[in-house]
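Input: a single structure, listed below in structure tokens.
The values are calculated or read from the model by the stated rules, or taken from the named source; none is laboratory data. No experiment lies behind these values; they were computed from the predicted model shown. Virtual Cβ from ideal backbone geometry, glycine too; neighbours counted across all protein chains shown.
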Amino acid sequence: MQFKTLKILSYGSSAVLIAMMMAASVIEKLRGAETAQALIYHHPVFFALWAIAAVSGLALLVRQAGFKRPATLAMHAAFVLILVGALVTHLSGQSGSIHLRKGEPSATVELEDGSSLELPFSLELKDFRIEYDPGTRHVADYISELSDATISMNHILKRDGYRFYQADYDEDLQGSILAVSHDPWGVGITYTGYLLLALSMIGFFFERESAYRQTLRALRPNRESGRSRKGWTAVLCVVGAGLLVAWLLGAFPKGHLMPVLRSPMLYIHVIPMMVCYSVFSLLALTGIVGLCLREKASERLALIARSVLLPAVFLLALGTFLGAVWANISWGNYWAWDPKETWALVTLLIYSFALQSDSLPVMRQSRFFHLYCILAFVAVLITYFGVNLFLGGVHSYA
């Protein structure tokens with residue numbers, strides 16, 4: 001297939017996916033999650049576009065660099081594997097809920113499609129209780145004591161390929177509702193993709209012909225530009241540190257935490273996200289400055305910006321997929337197309353375009369790059385603030 005055709009397929013399908021996900025988040029707000037899933041998230045066209053984007057993107061990379069950049073190839077292969085895992089989950093995974101009353105064994109799971117499933121074993125609720133922070137009425141945890149196990153928030157039960165999560169309870173405290181997930185293949189494939197992605201991102205920084213190493217080499221030309229670069233770098237470090245502190249101060253909930261947030265995953269997931277958001281804030285500011293500078297100064301500033309953009313995008317990918325792991329631990333579903341999840345993915349795709357200077361020559365133009373970083377930051381603002389204020393969802397507390 002011709003190089004130009006692969007570019008159109010890869011970047012065109014990615015752009016359409018971004019637009020569809022944006023639209024879906026609005027549809028979910030106006031018409032509900034089921035409508036958004038039916039019209040977009042579970043539509044065959046949406047699946048086909050992901051397949052086109054993944055396969056054409058990998059083919060485009062092979063066409064450009066062959067197998068001279070193994071870490072980059074592995075990174076793209078990881079995304080393909082993650083998408084395959086998601087497809088397997090969609091096609092073969094089962095999810096639903098089981099309602100338990102004290103002293104009444106049950107093996108019947110009500111599936112999301114309205115049908116029922118009989119487990120190969122039964123569960124019996126011995127007790128359900130709500131724990132509070134000492135001296136307050138702030139809920140610390142919801143706990144279901146079964147005949148042979150304990151289930152609480154962030155503490156699940158695994159049995160014979162089924163996973164059980166604390167989901168709800170009866171108002172009289174005599175019953176508990178557990179979410180049930182059965183996905184023996186999809187989660188394993190997806191997690192393998194996550195691991196491959198993490199390893200390939202680390203290897204990317206050591207890959208001799210990577211775009212990152214090329215950018216670093218371009219930052220070492222001569223003494224005069226070296227002095228200018230050091231000055232800009234010092235300013236960016238100071239401003240970046242201030243932005244990071246500001247993002248971190250606003251990132252973590254104040255006061256008593258809701259039960260689902262009482263997990264070490266809160267910090268493991270949030271800190272990478274806040275670091276990358278602070279870098280994106282910095283790049284938006286440098287973009288404004290870069291548009292006001294003369295051409296040579298603007299180009300030097302763009303080189304410095306590119307050198308920190310790629311690590312920031314990697315941190316965004318890491319934080320997003322760590323959030324998926326946390327969701328799987330707490331809710332039994334690593335991806336549910338909640339508006340916060342959707343916009344995190346939209347942000348990741350938008351910033352990934354800025355890294356494609358080999359395929360998109362316009363990204364090599366310093367002023368266009370600065371302008372793109374300014375406009376891309378709008379996605380960060382919507383992800384962090386706009387979703388909470390307008391779109392809602394299960395992450396609206398974050």
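Summed over the stretch 49-97, the residues that are among the basic types (Lys, Arg) and assigned to a helix (DSSP H, G or I) give a count of 1.
Suppose we filter LEU322, LEU282, LEU316 for residues that are hydrophobic (A, V, I, L, M, F, W, C) and surrounded by fewer than 20 Cβ atoms within 10 Å (Cβ to Cβ); which single one remains? On inspection, the qualifying residue turns out to be LEU322. It is to be established whether one or more residues within the stretch 339-354 are in a loop (DSSP other than H, G, I, E, B), over 29 Å from GLN94 (Cβ atoms) and touching a residue at least 24 places away in the same chain (Cβ under 8 Å). Yes; the residues of the stretch 339-354 include at least one that is in a loop (DSSP other than H, G, I, E, B), over 29 Å from GLN94 (Cβ atoms) and touching a residue at least 24 places away in the same chain (Cβ under 8 Å). A search for C-beta distances below 8 Å between a residue of the stretch 170-191 that is over 16 Å from LEU146 (Cα atoms) and any residue that is in a loop (DSSP other than H, G, I, E, B) and of a type in the set (S, T, N, Q), counting only pairs 6+ apart in sequence or on different chains, returns SER181/ASN333. Evaluation of GLY93 against the conditions (1) over 21 Å from the mean Cα position of the chain (by Cα); (2) surrounded by 12 or more Cβ atoms within 10 Å (Cβ to Cβ); (3) touching a residue at least 24 places away in the same chain (Cβ under 8 Å) shows that the sole unmet condition is (1). Looking only at residues in the stretch 357-372 that are surrounded by fewer than 18 Cβ atoms within 10 Å (Cβ to Cβ) and touching a residue at least 40 places away in the same chain (Cβ under 8 Å), the one that is nearest to ARG306 (Cα to Cα) is SER357. Restrict the check to the stretch 343-356 and report whether at least one residue is touching a Lys or Arg at 6+ places or on another chain (Cβ under 9 Å) and surrounded by fewer than 22 Cβ atoms within 10 Å (Cβ to Cβ). Scanning the stretch 343-356 turns up at least one residue that is touching a Lys or Arg at 6+ places or on another chain (Cβ under 9 Å) and surrounded by fewer than 22 Cβ atoms within 10 Å (Cβ to Cβ). Among the residues of the stretch 37-71, those identified as buried (at least 19 other Cβ atoms within 10 Å of the Cβ) and out of contact with any Leu (no Cβ under 9 Å at 6 or more places or on another chain) are ILE40, TYR41.
Failed condition for GLY114, given (1) small (Gly, Ala, Ser); (2) at pLDDT below 90; (3) surrounded by 16 or more Cβ atoms within 10 Å (Cβ to Cβ), with all others met? Every condition holds for GLY114 apart from (3). Search the stretch 110-131 for residues that are farther than 20 Å from HIS90 by Cα and pair each with any residue that is among the polar types (S, T, N, Q) when their beta-carbon atoms are under 6 Å apart and the residues are at least 6 apart or on different chains. These pairs meet every condition: GLU124/SER147; LEU125/SER176; LYS126/SER147; PHE128/SER144; PHE128/SER176. If you go through the stretch 155-176 and keep only what is aliphatic (A, V, I, L, M) and crowded, with 18+ Cβ neighbours inside 10 Å, you end up with ILE156, LEU157, ALA167. Looking across the stretch 145-204, the residues that are β-branched (Val, Ile, Thr) and more than 21 Å from the chain's Cα centre (by Cα) come down to THR150, ILE151, ILE156, ILE177, VAL180. One residue alone among SER152, SER147 is surrounded by fewer than 17 Cβ atoms within 10 Å (Cβ to Cβ), hydroxyl-bearing (Ser, Thr, Tyr) and either modelled with pLDDT under 90 or outside the structural domain of ARG262 (by TED's automatic domain parsing) (or both), and that residue is SER147. Pairs under 8 Å by beta carbon, first residue within 22 Å of PHE206 (Cβ to Cβ) and of a type in the set (S, T, N, Q) in the stretch 52-78, partner at pLDDT below 90 and not in a helix (DSSP H, G or I), six or more apart or different chains? Close Cβ pairs (under 8 Å, with a partner that is at pLDDT below 90 and not in a helix (DSSP H, G or I)) amount to GLN64/ASP358; GLN64/SER359; THR72/GLU207; THR72/SER210.
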